Amino acid sequence: MSPQQKALFLAKKQGDFEVGSRSIPSPGHGQLLVKIQSTALNPVDYKIKDTGMVVTHYPAVLGADIAGIVEELGEGVENFRKGDRVLAHGHRTNDFAAFQQYALTIASFTAKIPPSESFDSAATVPLGLDTAMAGLYGKQFGAGITPPWTKNVCESKQPIVILGGSSSVGSYVIQFARLSGFYPIITTASPSNEDLVMDYGATHFFDRNLSGKRLIAAISKVTDSAIRIVYDAVSLPETQSVGWELLAKNGILVLTLPPSVKEDEGKGRKAFQTFGNPHISKNTELFRSSWAMVEKWLSEGTIQVCSATTVLDLSHIYVAEQA
Ligand SMILES: NC(=O)c1ccc[n+]([C@@H]2O[C@H](COP(=O)([O-])OP(=O)(O)OC[C@H]3O[C@@H](n4cnc5c(N)ncnc54)[C@H](OP(=O)(O)O)[C@@H]3O)[C@@H](O)[C@H]2O)c1
């Protein structure tokens, strides 16, 4: 029998999670086998369990965020060695998912973890960062802004509004907005997270508990420039309405969930859901270039990890197995 590992299975559509065992996969060309040390819990995980969305094959292993140690290299992988500490964006097929002891990763969407980061902190990065990335810089699923690490471009004096700046996705949107040179960077969060979002790079903070009407009035006073991009990381109907009202003619409302606003005639505004998944062909080019930057961004502190994300530490499993 091939070597086995423990995995957390979602047994059936809208069923329960249960621990079972499955084979440890072997890495193919351009892939790595990673011994997972830490993974993040994301809203999509409970949504899949509760609603049965997205997943078509059961039993399913979920989990998008992988942080661990390289166990084996597939053919053609040159930039990594056995024993490297890495983070990677998982995939929705069982061999590539995070809620298990060993997963395959695609080398182009894997990066080394710098010594300054732990497995837990690195596990908070992939899905949040990639969703911010797709929504701002994606040509298919985003505002199509030129990534600042590919060309020396600056969106100077362009305002941006980020609803939900303390969320996992929102925290990375603020940081990329700063890298891209947006100003002002206006965000909403709970008052307890004001310092956090300002530290990420927001220039103006508003309490997310204000009524929609008061938020729109307050944000509108910050800038005389037309607001052409709103990134709504929360994307509930009430936040979408705020973002939609704030948008100038021809503006773009980037959403993490499906639009509830109606695209209008005349003003040319657009609202669409982004897709922070590097594994689909329409995103591949952007994510190859961004994943090549992740180690540098983290080691130089250009991008800070999101402190709000919940992580699962798997390392105790290995300790228990050795005992
Ligand atoms: N389309 C995609 O590819 C994609 C990818 C990833 C996530 N998503 C979706 O994006 C959403 C965000 O995911 P996430 O992982 O970033 O969530 P998260 O980290 O769990 O965000 C939770 C935070 O959102 C903030 N928040 C909630 N309601 C708010 C409001 N009305 N205004 C402002 N902030 C509010 C709260 O911040 P405070 O504590 O400051 O109140 C809360 O702590 C989820 O619905 C998720 O399913 C979509």
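A few remarks follow.
- The range 101-106 - phi-based ³J(HN,Hα) in whole Hz, Karplus 6.51/-1.76/1.60, Gly and Pro as x: 7, 10, 9, 7, 10, 8
- Residue ranking by accessible heavy-atom surface, 1.4 Å probe, largest first, among VAL261, VAL34 comes out as VAL261, VAL34.
- Entry comment: accessible area of the chain is 46 Å² per residue, from protein heavy atoms only and a probe of 1.4 Å.
- Cβ crowding within 10 Å averaged over residues, with 265-274, 301-310 ranked highest first: 301-310, 265-274
- Protein accessible area in the chain, 1.4 Å probe - carbon and sulfur %: 51 percent
- Alpha-carbon centroids, the range 51-116 and the range 187-261: separation in whole Å: 33 Å
- Placing a pseudo-label 7 Å from each Cα along the Cα-to-Cβ vector at SER21 and SER307 gives an inter-label distance of 4.2 nm.
- Distant alpha-carbon pairs in the range 129-273 (separation over 22 angstrom), percent: 29 percent
- Cβ-derived FRET efficiency at R0 22 Å, VAL44 paired with ARG288, nearest 0.05: 0.45
- Over all pairs of different C-alpha atoms in the chain, the reciprocal of the mean inverse distance, the Kirkwood hydrodynamic radius, equals 20.3 Å.
- The stretch between HIS29 and LYS270, if pulled fully straight at 0.36 nm per residue, gains 82.8 nm over its current Cα-Cα span.
- Helix axis angle, 168-180 relative to the chain longest principal axis, alpha carbon, degrees: 60 degrees
- In this simple spin-label approximation, TYR58 and ASN79 carry label points 7 Å from Cα along the Cα→Cβ vector, and these lie 3.8 nm apart.
- Measuring spread by the Cα atoms of the range 1-125 yields a radius of gyration and Dmax of 14.1, 41 Å.
- Normalised Debye scattering of the range 1-74 at q = 0.18, 0.27, 0.28 Å⁻¹ gives log10 I(q)/I(0) of -0.84, -1.26, -1.28, counting only Cα atoms as equal scatterers and leaving out solvent.
The values are calculated or read from the model by the stated rules, or taken from the named source; none is laboratory data. Since we're looking at a predicted model, the values are computed, not measured. Because the Cβ atoms are built from the backbone with ideal geometry, glycine has one as well, and the counts that use them run over all protein chains shown. Note: areas computed on protein heavy atoms with side chains; ligands, DNA, RNA excluded. Shrake-Rupley method; radii C 1.70, N 1.55, O 1.52, S 1.80 Å.
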